[in-house]
Amino acid sequence: MEQYRVFEWTGNSSVVYDNPFKEVSLWGLFTCGLTSVRADGFYEAGGRYAVRFCPDKAGLWSYVIHSSDPDLDGAQGTFTVEKAAPGNHGKVCLKNELVNSGDREDAYRFVYQDGTPFYPFGTTCYAWINQSQKLQKETLETLKNGPFNKIRMCIFPKFYTYNDYDPPAYAYEGGLKKDPETLAKAEKDRSFEDYSFDYYRFNDAFFEHLEDCIRALDDIGVEVEIILLHPYDRWGFSRMGKDADLFYLSYVARRLGAFKNIWWSLANEYDLMPWKSNADWDQYGRLIEAEDAGGHLRAIHQCMKLYDHGRPWITHASIQRMDLYRTVENITEWRNDYGKPVIVDEAGYEGNVDYGWGSLSAQEETRRFWEGCLRGGYVTHGETYVDRGMQTIGYDQGNGLIKAQQIPAVWWAHGGKLYGQSPERIGFLRKILEEAPAGARPIEREENPMEMWDSVGLRDGQKWYLYYYGFEHILYRNYQLPAGHRYKIERIDTWDMTVTPLDGIYEEKIRIRLGGKPYMAVRMTEV
(Lines give C-alpha, C1' and ligand atoms only; values in the text may rest on other atoms or scores of the structure.)
Protein backbone atom coordinates (compact mmCIF):
# COMPACT_ATOMS: atom_id res chain seq x y z
CA MET A 1 0.00 0.00 0.00
CA GLU A 2 0.99 3.66 -0.33
CA GLN A 3 2.29 5.90 2.42
CA TYR A 4 -0.35 8.22 3.97
CA ARG A 5 -3.21 5.96 2.83
CA VAL A 6 -5.63 4.03 5.05
CA PHE A 7 -4.70 0.53 6.13
CA GLU A 8 -7.75 -1.28 7.53
CA TRP A 9 -7.75 -4.52 9.47
CA THR A 10 -11.15 -6.18 9.82
CA GLY A 11 -12.22 -9.18 11.81
CA ASN A 12 -15.43 -10.98 12.62
CA SER A 13 -16.61 -12.31 15.96
CA SER A 14 -18.84 -15.29 16.58
CA VAL A 15 -19.97 -13.81 19.90
CA VAL A 16 -23.41 -12.17 19.86
CA TYR A 17 -23.46 -9.03 21.98
CA ASP A 18 -26.44 -6.99 23.06
CA ASN A 19 -24.60 -3.87 21.92
CA PRO A 20 -21.17 -4.50 20.35
CA PHE A 21 -20.55 -0.74 20.05
CA LYS A 22 -20.34 -0.56 23.85
CA GLU A 23 -19.28 -4.02 24.95
CA VAL A 24 -16.16 -4.72 22.89
CA SER A 25 -12.83 -2.94 23.33
CA LEU A 26 -10.43 -3.12 20.41
CA TRP A 27 -7.08 -1.61 19.44
CA GLY A 28 -4.05 -2.31 17.30
CA LEU A 29 -0.35 -1.70 17.80
CA PHE A 30 1.44 -0.88 14.54
CA THR A 31 5.24 -1.06 14.39
CA CYS A 32 7.90 -0.18 11.81
CA GLY A 33 11.47 -0.21 13.07
CA LEU A 34 11.59 1.95 16.20
CA THR A 35 8.20 3.52 15.46
CA SER A 36 5.10 2.17 17.25
CA VAL A 37 1.63 3.67 17.02
CA ARG A 38 -1.56 2.66 18.81
CA ALA A 39 -4.85 2.98 16.92
CA ASP A 40 -8.17 2.20 18.61
CA GLY A 41 -10.78 0.24 16.70
CA PHE A 42 -14.54 0.30 16.33
CA TYR A 43 -17.54 -1.84 15.46
CA GLU A 44 -18.91 -1.53 11.93
CA ALA A 45 -21.88 -3.86 11.41
CA GLY A 46 -22.85 -7.51 10.94
CA GLY A 47 -20.39 -8.82 13.53
CA ARG A 48 -17.50 -7.02 11.78
CA TYR A 49 -14.90 -4.96 13.67
CA ALA A 50 -12.16 -2.72 12.26
CA VAL A 51 -8.95 -0.96 13.17
CA ARG A 52 -7.69 1.74 10.81
CA PHE A 53 -4.22 3.18 10.60
CA CYS A 54 -2.44 5.71 8.37
CA PRO A 55 1.28 4.88 8.03
CA ASP A 56 3.47 7.97 7.84
CA LYS A 57 6.64 6.18 6.70
CA ALA A 58 7.58 3.64 4.05
CA GLY A 59 8.79 0.21 5.06
CA LEU A 60 7.61 -3.08 6.49
CA TRP A 61 4.94 -2.64 9.16
CA SER A 62 3.66 -5.27 11.57
CA TYR A 63 0.56 -5.18 13.73
CA VAL A 64 -1.00 -6.97 16.67
CA ILE A 65 -4.69 -6.62 17.52
CA HIS A 66 -5.75 -6.53 21.17
CA SER A 67 -9.40 -6.99 22.10
CA SER A 68 -11.76 -8.03 24.87
CA ASP A 69 -13.34 -10.35 22.29
CA PRO A 70 -11.54 -13.74 22.06
CA ASP A 71 -12.16 -14.10 18.32
CA LEU A 72 -10.35 -10.81 17.63
CA ASP A 73 -7.64 -10.79 20.26
CA GLY A 74 -4.15 -11.69 19.11
CA ALA A 75 -4.67 -11.26 15.37
CA GLN A 76 -1.44 -10.13 13.72
CA GLY A 77 0.21 -9.62 10.38
CA THR A 78 2.48 -7.46 8.24
CA PHE A 79 2.12 -5.14 5.29
CA THR A 80 4.55 -3.19 3.12
CA VAL A 81 4.22 0.56 2.64
CA GLU A 82 5.64 2.16 -0.51
CA LYS A 83 6.69 5.81 -0.64
CA ALA A 84 3.93 8.28 -1.40
CA ALA A 85 3.14 8.90 -5.05
CA PRO A 86 3.49 12.44 -6.48
CA GLY A 87 0.68 14.64 -5.21
CA ASN A 88 0.20 12.63 -2.01
CA HIS A 89 1.71 14.87 0.68
CA GLY A 90 0.10 13.37 3.77
CA LYS A 91 -1.97 15.23 6.34
CA VAL A 92 -1.76 18.96 7.05
CA CYS A 93 0.22 19.91 10.18
CA LEU A 94 1.43 22.99 11.99
CA LYS A 95 4.78 23.88 10.47
CA ASN A 96 6.49 24.58 13.79
CA GLU A 97 5.55 21.11 15.04
CA LEU A 98 7.00 19.44 11.95
CA VAL A 99 10.07 21.61 11.32
CA ASN A 100 12.14 23.36 13.99
CA SER A 101 13.54 26.18 11.88
CA GLY A 102 13.65 28.78 14.62
CA ASP A 103 11.51 31.10 12.50
CA ARG A 104 8.84 32.75 14.67
CA GLU A 105 6.47 32.97 11.72
CA ASP A 106 6.34 29.17 11.44
CA ALA A 107 3.90 29.19 14.39
CA TYR A 108 1.30 30.63 11.97
CA ARG A 109 1.95 28.36 9.00
CA PHE A 110 0.59 25.03 7.78
CA VAL A 111 2.47 22.35 5.87
CA TYR A 112 1.77 18.83 4.71
CA GLN A 113 3.60 15.95 6.37
CA ASP A 114 6.23 15.89 3.64
CA GLY A 115 6.99 19.58 4.25
CA THR A 116 5.06 20.98 1.26
CA PRO A 117 3.49 24.35 2.24
CA PHE A 118 -0.29 24.40 2.60
CA TYR A 119 -2.24 27.65 2.39
CA PRO A 120 -5.89 26.96 3.35
CA PHE A 121 -8.42 28.53 1.00
CA GLY A 122 -11.62 27.06 2.36
CA THR A 123 -15.32 27.16 1.68
CA THR A 124 -18.43 26.08 3.58
CA CYS A 125 -21.10 23.54 2.53
CA TYR A 126 -22.63 22.45 5.81
CA ALA A 127 -25.08 19.79 4.65
CA TRP A 128 -23.97 18.82 1.16
CA ILE A 129 -23.67 15.11 2.04
CA ASN A 130 -27.42 15.05 2.81
CA GLN A 131 -28.47 16.23 -0.65
CA SER A 132 -29.41 14.28 -3.78
CA GLN A 133 -26.74 12.24 -5.56
CA LYS A 134 -26.99 14.66 -8.46
CA LEU A 135 -26.26 17.66 -6.26
CA GLN A 136 -23.43 15.87 -4.46
CA LYS A 137 -21.74 15.07 -7.77
CA GLU A 138 -22.21 18.66 -8.85
CA THR A 139 -20.59 19.85 -5.61
CA LEU A 140 -17.53 17.67 -6.16
CA GLU A 141 -17.22 18.87 -9.75
CA THR A 142 -17.44 22.51 -8.62
CA LEU A 143 -14.72 21.95 -6.03
CA LYS A 144 -12.54 20.05 -8.49
CA ASN A 145 -12.58 22.99 -10.90
CA GLY A 146 -12.53 25.77 -8.33
CA PRO A 147 -9.98 27.55 -6.13
CA PHE A 148 -10.81 25.94 -2.79
CA ASN A 149 -8.65 23.30 -1.11
CA LYS A 150 -10.66 22.88 2.09
CA ILE A 151 -14.36 22.47 2.97
CA ARG A 152 -16.28 22.87 6.25
CA MET A 153 -19.13 20.35 6.61
CA CYS A 154 -21.27 18.70 9.28
CA ILE A 155 -21.91 15.13 10.35
CA PHE A 156 -25.29 15.95 11.87
CA PRO A 157 -27.98 17.53 9.67
CA LYS A 158 -28.58 21.25 10.04
CA PHE A 159 -32.03 22.73 10.75
CA TYR A 160 -31.94 26.36 9.69
CA THR A 161 -33.16 28.67 6.95
CA TYR A 162 -33.55 26.68 3.68
CA ASN A 163 -32.83 23.47 5.64
CA ASP A 164 -36.13 22.53 7.24
CA TYR A 165 -36.44 18.95 5.98
CA ASP A 166 -35.18 15.58 7.14
CA PRO A 167 -31.99 14.09 5.66
CA PRO A 168 -32.08 10.70 3.90
CA ALA A 169 -30.03 9.06 6.69
CA TYR A 170 -28.73 9.71 10.18
CA ALA A 171 -25.54 8.84 12.07
CA TYR A 172 -27.62 6.72 14.49
CA GLU A 173 -30.16 3.98 14.27
CA GLY A 174 -33.68 5.36 14.63
CA GLY A 175 -35.52 8.34 13.23
CA LEU A 176 -38.99 9.83 13.15
CA LYS A 177 -41.42 8.29 15.62
CA LYS A 178 -44.29 6.44 13.94
CA ASP A 179 -47.11 7.31 16.34
CA PRO A 180 -50.18 8.99 14.76
CA GLU A 181 -49.66 12.30 16.57
CA THR A 182 -46.14 12.69 15.22
CA LEU A 183 -47.14 11.65 11.71
CA ALA A 184 -49.87 14.26 11.67
CA LYS A 185 -47.47 17.11 12.34
CA ALA A 186 -46.39 19.39 9.54
CA GLU A 187 -42.83 18.75 8.38
CA LYS A 188 -41.46 22.10 9.51
CA ASP A 189 -43.11 21.97 12.95
CA ARG A 190 -41.36 18.85 14.19
CA SER A 191 -38.99 19.04 17.15
CA PHE A 192 -36.46 16.69 18.74
CA GLU A 193 -39.28 15.16 20.82
CA ASP A 194 -40.69 13.68 17.59
CA TYR A 195 -37.59 11.59 16.89
CA SER A 196 -36.12 8.57 18.59
CA PHE A 197 -32.45 7.61 18.22
CA ASP A 198 -30.24 5.17 20.02
CA TYR A 199 -27.15 7.25 20.81
CA TYR A 200 -25.12 4.11 21.43
CA ARG A 201 -25.78 2.39 18.07
CA PHE A 202 -24.34 3.94 14.93
CA ASN A 203 -25.70 3.64 11.41
CA ASP A 204 -22.96 1.98 9.37
CA ALA A 205 -24.56 2.91 6.02
CA PHE A 206 -24.46 6.60 6.97
CA PHE A 207 -20.79 6.41 7.90
CA GLU A 208 -19.90 4.50 4.76
CA HIS A 209 -21.44 7.28 2.70
CA LEU A 210 -19.61 9.92 4.75
CA GLU A 211 -16.35 8.07 4.15
CA ASP A 212 -17.04 7.89 0.42
CA CYS A 213 -17.43 11.68 0.44
CA ILE A 214 -14.17 12.13 2.36
CA ARG A 215 -12.33 9.89 -0.13
CA ALA A 216 -13.84 11.74 -3.08
CA LEU A 217 -12.65 15.06 -1.64
CA ASP A 218 -9.18 13.65 -1.04
CA ASP A 219 -9.05 12.53 -4.67
CA ILE A 220 -9.40 16.17 -5.78
CA GLY A 221 -7.02 17.57 -3.14
CA VAL A 222 -9.60 19.02 -0.74
CA GLU A 223 -9.16 18.97 3.03
CA VAL A 224 -12.29 18.15 5.08
CA GLU A 225 -13.05 20.06 8.26
CA ILE A 226 -15.59 17.91 10.09
CA ILE A 227 -17.96 19.94 12.30
CA LEU A 228 -18.77 17.52 15.12
CA LEU A 229 -21.53 19.41 16.98
CA HIS A 230 -23.74 22.42 16.30
CA PRO A 231 -26.90 24.07 17.72
CA TYR A 232 -29.08 24.15 14.56
CA ASP A 233 -30.99 21.04 15.41
CA ARG A 234 -34.51 19.66 15.70
CA TRP A 235 -33.47 16.01 16.01
CA GLY A 236 -31.86 16.14 19.46
CA PHE A 237 -28.21 15.67 18.48
CA SER A 238 -27.17 18.89 20.19
CA ARG A 239 -28.80 17.73 23.46
CA MET A 240 -27.75 14.08 23.65
CA GLY A 241 -26.09 14.57 27.04
CA LYS A 242 -22.45 14.43 28.02
CA ASP A 243 -22.07 10.63 28.12
CA ALA A 244 -23.56 10.27 24.64
CA ASP A 245 -21.42 13.17 23.36
CA LEU A 246 -18.26 11.48 24.60
CA PHE A 247 -19.28 8.12 23.12
CA TYR A 248 -19.99 9.75 19.76
CA LEU A 249 -16.76 11.77 19.67
CA SER A 250 -14.69 8.71 20.54
CA TYR A 251 -16.35 6.63 17.81
CA VAL A 252 -15.92 9.30 15.14
CA ALA A 253 -12.26 9.87 16.02
CA ARG A 254 -11.53 6.15 15.83
CA ARG A 255 -13.46 5.63 12.60
CA LEU A 256 -12.35 8.69 10.64
CA GLY A 257 -8.94 9.47 12.16
CA ALA A 258 -6.97 7.45 9.61
CA PHE A 259 -8.07 9.63 6.67
CA LYS A 260 -5.23 12.04 5.94
CA ASN A 261 -7.43 14.94 4.78
CA ILE A 262 -9.42 15.31 8.03
CA TRP A 263 -9.53 18.38 10.30
CA TRP A 264 -11.69 18.53 13.44
CA SER A 265 -14.00 21.36 14.47
CA LEU A 266 -15.50 20.57 17.86
CA ALA A 267 -18.45 22.85 17.17
CA ASN A 268 -19.93 25.42 14.90
CA GLU A 269 -21.01 28.28 17.21
CA TYR A 270 -20.36 26.46 20.47
CA ASP A 271 -21.70 29.40 22.51
CA LEU A 272 -25.24 28.83 21.15
CA MET A 273 -25.26 25.59 23.15
CA PRO A 274 -25.05 27.05 26.71
CA TRP A 275 -26.05 23.72 28.24
CA LYS A 276 -22.51 22.56 27.45
CA SER A 277 -19.92 24.23 29.70
CA ASN A 278 -16.46 25.40 28.74
CA ALA A 279 -15.15 22.52 30.84
CA ASP A 280 -17.24 20.13 28.71
CA TRP A 281 -15.77 21.52 25.50
CA ASP A 282 -12.30 21.25 26.94
CA GLN A 283 -12.92 17.61 27.83
CA TYR A 284 -14.33 16.95 24.35
CA GLY A 285 -11.30 18.49 22.68
CA ARG A 286 -8.85 16.49 24.80
CA LEU A 287 -10.80 13.32 24.00
CA ILE A 288 -10.53 13.92 20.24
CA GLU A 289 -6.82 14.58 20.67
CA ALA A 290 -6.37 11.31 22.57
CA GLU A 291 -8.57 9.08 20.38
CA ASP A 292 -7.40 10.33 16.96
CA ALA A 293 -4.34 8.23 16.16
CA GLY A 294 -3.78 10.40 13.08
CA GLY A 295 -3.16 13.51 15.18
CA HIS A 296 -5.17 15.87 12.98
CA LEU A 297 -5.71 19.61 13.43
CA ARG A 298 -8.32 20.64 16.01
CA ALA A 299 -10.32 23.82 16.61
CA ILE A 300 -13.63 25.18 17.94
CA HIS A 301 -15.79 27.91 16.42
CA GLN A 302 -17.95 30.59 18.08
CA CYS A 303 -20.88 32.84 17.29
CA MET A 304 -20.21 35.85 19.54
CA LYS A 305 -18.13 34.72 22.53
CA LEU A 306 -14.58 33.68 21.72
CA TYR A 307 -13.40 30.40 23.17
CA ASP A 308 -9.93 30.35 24.73
CA HIS A 309 -7.95 29.33 21.66
CA GLY A 310 -4.86 29.19 23.81
CA ARG A 311 -5.98 25.83 25.21
CA PRO A 312 -3.28 23.21 24.45
CA TRP A 313 -5.58 20.84 22.53
CA ILE A 314 -6.47 23.61 20.07
CA THR A 315 -4.04 23.72 17.16
CA HIS A 316 -5.38 26.86 15.46
CA ALA A 317 -7.98 29.56 16.06
CA SER A 318 -11.24 29.21 14.12
CA ILE A 319 -13.14 32.49 14.41
CA GLN A 320 -16.36 34.11 13.19
CA ARG A 321 -16.70 37.86 12.64
CA MET A 322 -17.33 39.68 15.92
CA ASP A 323 -19.64 42.54 14.92
CA LEU A 324 -21.40 43.99 11.90
CA TYR A 325 -18.27 44.99 10.01
CA ARG A 326 -14.93 44.28 11.69
CA THR A 327 -13.77 40.80 10.96
CA VAL A 328 -10.41 39.94 9.40
CA GLU A 329 -9.08 43.30 10.60
CA ASN A 330 -8.64 41.64 14.03
CA ILE A 331 -6.28 38.93 12.75
CA THR A 332 -3.18 40.85 13.81
CA GLU A 333 -4.35 40.97 17.44
CA TRP A 334 -5.55 37.33 17.44
CA ARG A 335 -2.20 36.12 16.14
CA ASN A 336 -0.47 37.95 18.96
CA ASP A 337 -2.98 36.70 21.55
CA TYR A 338 -2.80 33.00 20.68
CA GLY A 339 0.53 32.45 18.92
CA LYS A 340 -1.25 30.07 16.54
CA PRO A 341 -2.62 30.20 12.99
CA VAL A 342 -5.84 32.20 12.74
CA ILE A 343 -8.56 31.19 10.30
CA VAL A 344 -11.59 33.45 10.04
CA ASP A 345 -13.97 30.67 9.08
CA GLU A 346 -16.96 32.99 8.80
CA ALA A 347 -15.97 36.38 7.53
CA GLY A 348 -19.38 36.83 5.89
CA TYR A 349 -20.74 35.33 2.67
CA GLU A 350 -21.19 36.66 -0.83
CA GLY A 351 -24.90 36.44 -1.58
CA ASN A 352 -28.36 37.93 -1.12
CA VAL A 353 -29.90 35.97 1.75
CA ASP A 354 -31.98 38.05 4.18
CA TYR A 355 -29.21 38.32 6.79
CA GLY A 356 -26.30 40.73 6.99
CA TRP A 357 -23.79 37.89 7.26
CA GLY A 358 -24.94 36.44 3.93
CA SER A 359 -25.43 39.48 1.72
CA LEU A 360 -21.91 40.70 1.01
CA SER A 361 -20.96 41.91 -2.42
CA ALA A 362 -18.36 39.94 -4.32
CA GLN A 363 -16.03 42.92 -3.97
CA GLU A 364 -16.31 42.88 -0.17
CA GLU A 365 -15.91 39.10 0.06
CA THR A 366 -12.74 39.40 -2.02
CA ARG A 367 -11.48 42.37 -0.03
CA ARG A 368 -11.82 40.43 3.23
CA PHE A 369 -9.70 37.63 1.80
CA TRP A 370 -6.94 40.02 0.75
CA GLU A 371 -7.05 41.93 4.03
CA GLY A 372 -7.01 38.77 6.14
CA CYS A 373 -4.31 36.95 4.22
CA LEU A 374 -1.96 39.94 4.13
CA ARG A 375 -2.37 40.25 7.90
CA GLY A 376 -0.95 36.74 8.15
CA GLY A 377 -4.22 34.87 8.63
CA TYR A 378 -6.53 32.75 6.53
CA VAL A 379 -10.13 33.27 5.42
CA THR A 380 -12.96 30.88 4.52
CA HIS A 381 -15.38 31.57 1.68
CA GLY A 382 -19.14 31.20 1.67
CA GLU A 383 -21.91 31.86 -0.85
CA THR A 384 -25.60 32.40 -0.09
CA TYR A 385 -27.46 33.31 -3.28
CA VAL A 386 -31.06 32.17 -2.93
CA ASP A 387 -32.20 32.91 -6.49
CA ARG A 388 -29.45 31.39 -8.67
CA GLY A 389 -30.29 27.70 -8.56
CA MET A 390 -33.03 25.31 -7.46
CA GLN A 391 -33.14 21.67 -6.46
CA THR A 392 -35.92 19.13 -6.10
CA ILE A 393 -36.03 17.28 -2.81
CA GLY A 394 -38.20 14.36 -1.90
CA TYR A 395 -38.71 13.58 1.76
CA ASP A 396 -40.72 11.11 3.75
CA GLN A 397 -43.70 12.80 5.40
CA GLY A 398 -43.96 9.88 7.80
CA ASN A 399 -47.19 8.48 6.36
CA GLY A 400 -45.60 6.42 3.62
CA LEU A 401 -45.81 9.25 1.10
CA ILE A 402 -42.83 11.01 -0.45
CA LYS A 403 -43.39 14.71 -0.95
CA ALA A 404 -41.46 16.45 -3.72
CA GLN A 405 -40.57 20.09 -3.23
CA GLN A 406 -38.56 22.72 -5.09
CA ILE A 407 -36.20 24.67 -2.86
CA PRO A 408 -33.22 26.96 -3.47
CA ALA A 409 -29.87 25.22 -3.83
CA VAL A 410 -27.68 27.45 -1.67
CA TRP A 411 -23.97 26.65 -1.77
CA TRP A 412 -23.37 27.41 1.94
CA ALA A 413 -25.87 24.70 2.90
CA HIS A 414 -26.38 22.36 -0.05
CA GLY A 415 -23.41 22.70 -2.36
CA GLY A 416 -24.10 22.42 -6.08
CA LYS A 417 -22.81 25.27 -8.23
CA LEU A 418 -21.08 28.54 -7.38
CA TYR A 419 -22.62 31.61 -8.99
CA GLY A 420 -20.69 34.43 -7.34
CA GLN A 421 -17.83 36.52 -8.67
CA SER A 422 -15.54 36.18 -5.66
CA PRO A 423 -14.31 32.55 -6.09
CA GLU A 424 -12.34 33.32 -9.26
CA ARG A 425 -10.75 36.32 -7.58
CA ILE A 426 -9.97 34.31 -4.47
CA GLY A 427 -8.22 31.86 -6.77
CA PHE A 428 -6.22 34.76 -8.21
CA LEU A 429 -5.12 35.69 -4.66
CA ARG A 430 -4.22 32.08 -3.91
CA LYS A 431 -1.92 31.98 -6.94
CA ILE A 432 -0.18 35.19 -5.89
CA LEU A 433 0.38 33.95 -2.36
CA GLU A 434 1.59 30.55 -3.48
CA GLU A 435 4.12 32.36 -5.70
CA ALA A 436 5.36 34.47 -2.78
CA PRO A 437 8.79 33.77 -1.27
CA ALA A 438 8.85 31.19 1.51
CA GLY A 439 9.99 33.86 3.95
CA ALA A 440 7.08 36.25 3.31
CA ARG A 441 5.41 37.49 6.51
CA PRO A 442 3.11 40.34 7.56
CA ILE A 443 4.68 43.76 7.73
CA GLU A 444 4.51 45.06 11.28
CA ARG A 445 4.14 48.80 11.70
CA GLU A 446 7.14 49.20 13.96
CA GLU A 447 9.46 47.47 11.44
CA ASN A 448 8.04 48.98 8.25
CA PRO A 449 10.90 50.68 6.40
CA MET A 450 8.53 52.45 4.02
CA GLU A 451 6.35 53.99 6.75
CA MET A 452 3.25 52.41 5.22
CA TRP A 453 1.35 52.46 8.49
CA ASP A 454 -2.07 52.79 6.82
CA SER A 455 -1.98 49.65 4.68
CA VAL A 456 -1.48 45.90 5.01
CA GLY A 457 1.26 43.93 3.36
CA LEU A 458 3.76 41.11 3.30
CA ARG A 459 7.55 41.29 3.06
CA ASP A 460 10.52 38.99 2.74
CA GLY A 461 13.27 41.01 4.35
CA GLN A 462 14.15 43.75 1.90
CA LYS A 463 13.93 41.42 -1.10
CA TRP A 464 10.19 41.35 -1.76
CA TYR A 465 7.09 43.37 -0.80
CA LEU A 466 3.36 43.04 -1.45
CA TYR A 467 1.04 45.90 -0.40
CA TYR A 468 -2.75 45.93 -0.59
CA TYR A 469 -5.15 48.88 -0.69
CA GLY A 470 -8.72 47.76 -0.14
CA PHE A 471 -11.59 50.17 -0.58
CA GLU A 472 -9.31 53.23 -0.82
CA HIS A 473 -9.44 55.12 -4.13
CA ILE A 474 -5.76 56.07 -4.36
CA LEU A 475 -4.54 58.05 -7.35
CA TYR A 476 -0.86 57.53 -6.58
CA ARG A 477 1.29 56.29 -3.71
CA ASN A 478 4.73 57.46 -2.62
CA TYR A 479 7.34 54.96 -1.41
CA GLN A 480 10.76 55.33 0.16
CA LEU A 481 12.62 52.23 -0.95
CA PRO A 482 15.40 50.78 1.24
CA ALA A 483 18.75 52.40 0.51
CA GLY A 484 21.03 50.40 -1.72
CA HIS A 485 18.27 48.17 -3.15
CA ARG A 486 16.70 48.23 -6.62
CA TYR A 487 13.32 46.73 -7.55
CA LYS A 488 11.08 45.78 -10.38
CA ILE A 489 7.49 46.74 -9.61
CA GLU A 490 4.09 45.33 -10.65
CA ARG A 491 0.70 46.97 -10.23
CA ILE A 492 -2.00 44.41 -9.41
CA ASP A 493 -5.70 45.02 -9.95
CA THR A 494 -7.21 42.43 -7.59
CA TRP A 495 -10.72 42.81 -9.00
CA ASP A 496 -9.84 42.75 -12.70
CA MET A 497 -7.20 40.09 -11.89
CA THR A 498 -4.44 41.76 -13.87
CA VAL A 499 -0.73 42.07 -13.13
CA THR A 500 0.92 44.99 -14.93
CA PRO A 501 4.74 45.21 -14.85
CA LEU A 502 5.91 48.82 -14.70
CA ASP A 503 8.68 49.96 -17.01
CA GLY A 504 12.11 50.39 -15.54
CA ILE A 505 13.90 49.59 -12.31
CA TYR A 506 13.06 51.56 -9.16
CA GLU A 507 15.13 52.79 -6.21
CA GLU A 508 15.08 55.38 -3.43
CA LYS A 509 11.98 57.64 -3.34
CA ILE A 510 9.36 56.83 -5.99
CA ARG A 511 5.71 57.45 -6.91
CA ILE A 512 3.44 54.68 -8.25
CA ARG A 513 0.14 55.54 -9.94
CA LEU A 514 -2.83 53.40 -8.83
CA GLY A 515 -5.42 55.20 -10.96
CA GLY A 516 -7.92 56.13 -8.25
CA LYS A 517 -9.36 52.60 -8.28
CA PRO A 518 -10.16 50.48 -5.21
CA TYR A 519 -8.78 46.97 -4.58
CA MET A 520 -5.30 47.65 -5.93
CA ALA A 521 -2.03 46.05 -4.84
CA VAL A 522 1.65 46.68 -5.50
CA ARG A 523 4.34 43.99 -5.66
CA MET A 524 8.06 44.80 -5.49
CA THR A 525 10.82 42.30 -6.21
CA GLU A 526 14.51 43.08 -5.73
CA VAL A 527 16.71 42.79 -8.79
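The values are calculated or read from the model by the stated rules, or taken from the named source; none is laboratory data. Here the structure is a predicted model, which is why all the values come from computation and not from measurement. Cβ placement follows ideal geometry from the backbone for every residue including glycine, while neighbour counts extend to all protein chains displayed. Side chains included, ligands, DNA and RNA excluded: accessible areas come from the protein's heavy atoms. Shrake-Rupley method; radii C 1.70, N 1.55, O 1.52, S 1.80 Å.
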**Request:** Output the peptides 411-418, 48-55, 493-500 sorted from most to least packed, where packing is the average of other Cβ atoms within 10 Å over each peptide's residues.
**Result:** 411-418, 48-55, 493-500
**Prompt:** Can you run phi through the Karplus equation (6.51, -1.76, 1.60; θ = phi - 60°) for the stretch 276-284 and list ³J(HN,Hα) in whole Hz, with x for Gly and Pro?
**Reply:** 9, 7, 4, 5, 4, 4, 5, 5, 4
**Complete:** Once all protein chains are kept in place, Ile155 shows an accessible area at probe 1.4 Å, nearest 10 Å², of 0 Å²
**Request:** Residues in the stretch 482-519, backbone N under 20 Å from the label point at His473 (7 Å along the Cα-to-beta-carbon vector): list them, ranges by number please.
**Result:** 492-497, 512-519
**Asked** Pairs of lysine in the stretch 264-418 with Cα under 28 Å and at least 8 positions apart or on different chains: total?
**Response** 4
**Peptides ranked, highest mean first, by Cβ atoms within 10 Å: ranges 269-282, 11-24** = 269-282, 11-24
**Prompt:** How much of the accessible area of the stretch 142-203, in percent, comes from carbon and sulfur atoms when a 1.4 Å probe is used?
**Reply:** 50 percent
**Complete:** Counting only residues 5 or more apart in sequence or on a different chain, those whose built amide H sits under 5 Å from that of Tyr172 are Asn203
**Asked** What percent does the relative contact order of the stretch 421-527 come to when contacts are Cα pairs within less than 8 Å and at least six residues apart?
**Response** 29 percent
**For the chain, accessible area per residue (1.4 Å probe, heavy atoms of protein chains only), Å²** = 42 Å²
**Message:** Suppose R0 equals 60 Å. What FRET efficiency, 1/(1 + (r/R0)^6) with r the Cβ-Cβ distance, do Asn12 and Ile510 give to the nearest 0.05?
**Reply:** 0.20
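Could you work out the helix-only [θ] at 222 nm for the chain, with each DSSP H run of four or more residues adding -39,500 (n - 2.57) and the total divided by the number of residues, to the nearest 500 deg cm²/dmol?
Result for the chain: -6000 deg cm²/dmol, rounded to the nearest 500.
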**Contact order relative to length of the stretch 30-126, as percent, for alpha carbon pairs under 8 angstrom and 6 or more apart** = 17 percent
**Fill in**
Output for the stretch 348-382: chymotrypsin sites (Phe, Trp or Tyr not before Pro) sitting in coil per DSSP, at most 14 other Cβ within 10 Å, listed by number, reads Tyr355
**Request:** Before anything else, pin down the relative contact order of the chain: Cα pairs under 8 Å, at least 6 apart, normalised by residue count, whole percent.
**Result:** 11 percent
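Taking R0 as 41 Å, what FRET efficiency do you get between Asp496 and Lys144 from their Cβ-Cβ distance, rounded to the nearest 0.05? Intermediate results must be reported in sequence, preceding the final value.
Working: r = 26 Å, r/R0 = 0.63.
Rounded to the nearest 0.05, the efficiency is 0.95.
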**Message:** Taking the alpha-carbon distance from Lys509 and a cut-off under 22 Å, which lysines remain once sequence neighbours fewer than 8 residues away in the same chain are dropped?
**Reply:** Lys463, Lys488
